[in-house]
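Below: the structure, in C-alpha cells.
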Amino acid sequence: MSSNSWKKIILGIIFLIFSLFYVFVFFRNTAITDTMIFNIAHIKSLEDISTPINFDYWNHSGSLLNLYSPWLTILPGALFLSQNLLAGFLLFMVVITYLTSLSAYYYMKKFSHNTFEALLFSAFYTFSLNRFFLVYQEQRLENYLVLIFLPMVYFGIYQIFSLHSKKWLTFALGLSLIIWTSPIVSLGVLLTILPMPIILFFNRQTHSVEYFKKWFLQILKSGLLTGVLTVGFWGVMLEDQVTKKLIQADYAKFNFIKWFNGMHLQLANQYLLLAIAILFVLLLLFIFWTGTFSYKIIILELIPLTYLLLFGINIKGINLSRLNLSFQMIFSLFVIVVGIRVILMLFQESPVILRLLILLVAILGLGYGNFLQAKDLQTTSPMNLHEKIDYKKYVVNYHDQAATTNNQFLINGQSQEIQFFTKKNEYWVQYYNPKAVTMDIPVQNYAGINVTINNEKVRVKNSKRGTVQIRTQPNRNIIEIHSSYTPLGILMLAINLVGIIILIYVWVRQKRSPSKKIMVDS
C-alpha cells in the first residue's frame, strides 16, 4: 500500500474520531426541543418525494413544508431513520460531521496546498463556536448541514477568479447544493461575492479586457447551470407564491455586545482581551500587506460582515432578519481561514514535531472546549427521540397556516367533527348529509390539489383559512383529495433532471481533458 493511501486512511480515521466524539457529546448534553422534533418530522415526511404534500405528517394538514423547504440534501436522512429512530438520527449526525470535516480539509488543501494548514482548518471549522451554536442551540438541521458546502462554494469562486478554465463547475455545484439546503444562506453567499469583482479591480494583474471577459463567461456558465440544477425547488415554490403572500417569521438576531457584557469579566481580563484583539488586528494588517490577493479579499470582506453582525441592517418594507445567521456562518468561515494563516505565520519556521504538537493541542483543546460548553447546557437526561412524541401530529406554520386548522372541519361555517383517512399524498373523507353543504376541509390548498366526490372531479375554492373548500352533494359523499405536482412543476423537475445530466456530462468531460490555468497568482 502506497504512502498516499496510508495518508488517506489516517485522515479518514481522524475525521471519524472527530465525528464520533462530537455526536457523543451532542447525545449526552442536548435536550429535545421543538426544533429537534421539527427536524425528525421533516426527514420522515420525505418518505414519499413524488409529491410535495405528505398527508401522513404535519397533523394531516397538507402542509406545504416540503414545497417551501429544500429537501434534496435532507432526504438521505430518511434512509437512516427507517429503522431505529435514535440510532438513525445519531448516525446521520455522524455522517454530517464527518462530511463537514472532510469538506473543510479537502478544499483548504486544494486552496493552500498545505496538509498542516488544511488539518488545522478542518479542526477549527468542525469545532467552531458558530457550529456549536447551530448544532446545540439553534438545532435547525439545514443550518449545520449547509456548512458542508460553504468551503466548496468559496473555493469554487476562488477558482473562477483565478481563471481555471475548466474549474467553474465547483462553484456551480457548491451553490446549487447550498440552495437545495438553505436558500437564505445562498443569498448571503451571493451578497459576499458581489463586491469581489470591484476589489479585484485593484489587482494590477486583472487590468485586461481578456481577464474580465473570461471571468464573466465562467460566472455566466456557473449561473446558468446553477439555475437549471435548482429550478426543481425555486421554480415550483415561486409557482405557488405568485398568488400568495409569503408568511415568514422574523429571526431574532444574536446580540454579541449584550452577550459580551453578560460575561462580567474582570478589568484585568478585559484588558487582556483588548490586547489580544489589538495583536490580532496588527497580524491581519501584516497579512493584508504581505499575503496573496485572496487573503486581502477575505480581510476586506470581514469589515462589513463585522458591522452587520454587531449592528444589523434595516431596510423599510424588507425583512432581512433571516440573513443574520447566513452572515454569521460566512464570518466564522473567513475568520478561521485568516486565523489559521496567523498561526502558520507564527510557526512557519518550526520543526515538524512542533507543528504536530500544535495540531494535537489544537484538536484536544477545541474538543475539550466543545465538551465544556455542552456541559453548561445542563441537560438533565440524554436524548430520547421516542418518548411521548408523535411525529405525525407535529405541525408548524411554515409559510402557510397548517398549524391553525387543527383538523377542524367547517360545515357552512360551523365546526363539526368528521372522520378522515390519509395515506401519503391521498386524503379521504366520508360524509353524509341529506342536503348539499359548503365544506371547509382542514387541508392547505395548493395548485396541485385535486378533489373528487363519488369519483367526480369538483371545483375547489380557497377558504379564508387558506384551506380546501368544496360544495358537497346531497346524501352520501366519498371525498378524495389527491396531491401531485402541477404540469408546470413536473416540467421544472424535468428541466432539473436535464441539469443533473448536463452536470455529469461536463464533469466527465473535464476529467478527461487537463485543466489550463491562465493566471498563476490570484
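The values are calculated or read from the model by the stated rules, or taken from the named source; none is laboratory data. Computed from a predicted model, the values in this text were never measured in an experiment. Reconstructed Cβ throughout: ideal geometry from the backbone, glycine too, with neighbour counts over all protein chains shown.
A compact table of results
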{"item": "Criterion (of a type in the set (Val, Ile, Thr) and within 29 Å of the chain's Cα centre (by Cα)) met by exactly one of VAL458, VAL506, VAL429", "result": "VAL506"}
{"item": "Every residue from the range 295-344 that is surrounded by fewer than 19 Cβ atoms within 10 Å (Cβ to Cβ), under 22 Å from ARG131 (Cβ atoms), more than 22 Å from the chain's Cα centre (by Cα) and of a type outside the set (A, V, I, L, M)", "result": "GLY339"}
{"item": "Any hit, the range 16-38, residues being at pLDDT 85 or above, touching a Lys or Arg at 6+ places or on another chain (Cβ under 7 Å), in a helix (DSSP H, G or I) and under 24 Å from PRO183 (Cα atoms)", "result": "yes"}
{"item": "Count of the range 5-35 residues which are within 23 Å of the chain's Cα centre (by Cα) and among the hydrophobic types (A, V, I, L, M, F, W, C)", "result": "12"}
{"item": "Members of the range 40-89 found to be over 25 Å from LEU150 (Cβ atoms), crowded, with 21+ Cβ neighbours inside 10 Å and not aliphatic (A, V, I, L, M), listed by number", "result": "SER45, PRO52, ASN54, PHE55, TYR57, TRP58, HIS60, SER61, GLY62, SER63"}
{"item": "Strands (runs of 3 or more DSSP E) completely within the range 390-496 that count 1 or more residues being of a type in the set (Gly, Ala, Ser)", "result": "414-416, 475-483"}
{"item": "Selection within the range 377-415 - modelled with pLDDT of 75 or more and hydroxyl-bearing (Ser, Thr, Tyr)", "result": "TYR391, TYR394, TYR398, THR404, THR405, SER415"}
{"item": "For LEU119: the one exception among (1) over 30 Å from LYS375 (Cα atoms); (2) modelled with pLDDT of 90 or more; (3) crowded, with 23+ Cβ neighbours inside 10 Å", "result": "(1)"}
{"item": "Qualifying residue in the range 320-342 (condition: modelled with pLDDT under 90, more than 29 Å from ILE303 (Cβ to Cβ) and polar (S, T, N, Q))", "result": "no"}
{"item": "Residue check, ILE74 of a type in the set (Val, Ile, Thr), part of a helix (DSSP H, G or I) and modelled with pLDDT of 85 or more", "result": "no"}
{"item": "Residue check for VAL498: surrounded by fewer than 16 Cβ atoms within 10 Å (Cβ to Cβ) and within 22 Å of GLY174 (Cβ to Cβ)", "result": "yes"}
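This table checks each residue for (1) loosely packed, with under 15 Cβ neighbours inside 10 Å; (2) out of contact with any Gly (no Cβ under 6 Å at 6 or more places or on another chain); (3) under 25 Å from ASN66 (Cα atoms).
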{"residue": "THR206", "(1), (2), (3)": "no, yes, no"}
{"residue": "GLU210", "(1), (2), (3)": "yes, yes, no"}
{"residue": "LYS213", "(1), (2), (3)": "yes, yes, no"}
{"residue": "LEU217", "(1), (2), (3)": "yes, yes, no"}
{"residue": "LEU220", "(1), (2), (3)": "yes, yes, no"}
{"residue": "THR226", "(1), (2), (3)": "no, yes, yes"}
{"residue": "TRP234", "(1), (2), (3)": "no, yes, yes"}
{"residue": "MET237", "(1), (2), (3)": "no, yes, yes"}
{"residue": "ASP240", "(1), (2), (3)": "no, yes, yes"}
